[in-house]
1. Springs between alpha-carbon atoms under 10 Å, Gaussian network over the chain: tell me which of D127, D35, D168 tops the mean-square fluctuations.
2. Quick one: length gained pulling I214 to M68 fully straight, 0.36 nm per residue minus the C-alpha distance?
3. To the nearest 20 debye, what is the magnitude of the charge dipole of the chain about its Cα centre, counting +1 on the Cβ of each Lys and Arg and -1 on the Cβ of each Asp and Glu?
4. For the chain, calculate the relative contact order in percent as a whole number, restricting contacts to Cα pairs under 8 Å that are 6 or more residues apart.
5. Compute the FRET efficiency between K38 and N197 as 1/(1 + (r/R0)^6), taking r as their Cβ-Cβ distance and R0 = 22 Å, and round to the nearest 0.05.
6. Could you state the principal axis extents of the C-alpha atoms in the stretch 1-100, from the largest down, to the nearest angstrom?
7. Determine the gain in length on full extension of the stretch N45-I244; use 0.36 nm per residue of separation and subtract their C-alpha separation, reporting nm with one decimal.
8. Sequence neighbours fewer than 8 away in the same chain don't count; with that in mind, list the lysines whose C-alpha is under 22 Å from K254.
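A short reminder: the numbers here are calculations on the coordinates, not readings from a lab. Everything quoted here is computed from the prediction, not taken from an experiment. Virtual Cβ from ideal backbone geometry, glycine too; neighbours counted across all protein chains shown.
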Amino acid sequence: MTLSTNKNSLWFSILSKDAYYSSTEENFINPEKFDWTKNSSDIANIIKQELLSYLKENNLESYFNTKMSDDVRKWKTISLKWWGLEFYSRQKHFPNTTKFINSIPNLVSASCNLLEPHTKIYPHCGDTNGIYRCHLGLIIPAPLPECGFRVDTEQKSWEEGKWLIFIDAKNHEAWNDSNENRFIFVLDIIREEYKNNKNFINTVVLTGLFLQKIAEKFPVLYKLQNYLFIKKSCVYFLLPFCFIAVKIRNLLSKLSLTT
């Protein structure tokens with residue numbers, strides 16, 4: 001088991017042999033630690049209205065990793081930002097939401113997330129301990145035990161208009177055993193002690209997610225996850241290409257909106 005008790009030590013699942021993180025840090029972070037969590041009920045209503053308006057003519061996308069859920073078709077999302085990637089064409093449908101996320105220091109990802117009825121997200125550790133993952137309840141059909149979330153040994157219910165903030169690297173899972181959809185807004189915030197590593201964190205995580213997507217198409221590659229040297233070699237080889245590709249892609253995406 002990979003043990004990481006030193007909070008000053010960056011951890012990445014793609015660079016660990018068993019992708020398991022453990023620490024003595026608290027499971028959930030008090031939202032009052034962050035200034036941007038104020039007026040959360042008003043913010044949630046703004047985001048919810050823009051999301052519902054978007055869904056009148058658009059659909060969310062199923063999460064790409066089929067090993068993460070008992071039915072990936074029922075776990076859907078729309079990203080406005082994703083580890084430094086900017087989705088400007090989507091952001092124009094969420095003008096007030098985008099204004100809000102652009103005001104948050106060290107934010108690297110933002111998305112709306114749907115978990116349909118009778119769906120589970122399997123226990124897993126996140127991509128890195130370099131972030132806090134933040135859930136804002138938008139539409140929550142039921143409290144525990146029907147609909148809930150676990151980090152390590154601690155379970156909590158989402159609540160509409162309230163934040164759940166946790167260390168994504170810790171083992172966690174989610175479920176919706178109700179008969180209605182659950183919608184939350186999800187943010188990734190670089191932790192203060194790692195803010196100078198923001199670009200490195202984004203690039204490593206994106207490279208790892210790219211390798212996951214490749215493995216989805218060629219499942220035999222999942223067998224290589226037990227060979228840490230091979231994984232690390234692939235990641236460090238791809239890092240500079242990923243960093244440059246993100247910069248170019250964001251620039252082209254922004255230019256396309258002006259033509």
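1. Of the options given, D35 has the highest mean-square fluctuation.
2. 51.0 nm
3. Roughly 980 debye, rounded to the nearest 20.
4. About 24 percent, as a whole number.
5. Working: r = 27 Å, r/R0 = 1.23.
That pair, K38 with N197, gives E of 0.20.
6. Sorted from largest, the Cα extents of the stretch 1-100 read 46, 35, 24 Å.
7. Full-extension gain reported as 68.0 nm.
8. K81, K92, K99, K198
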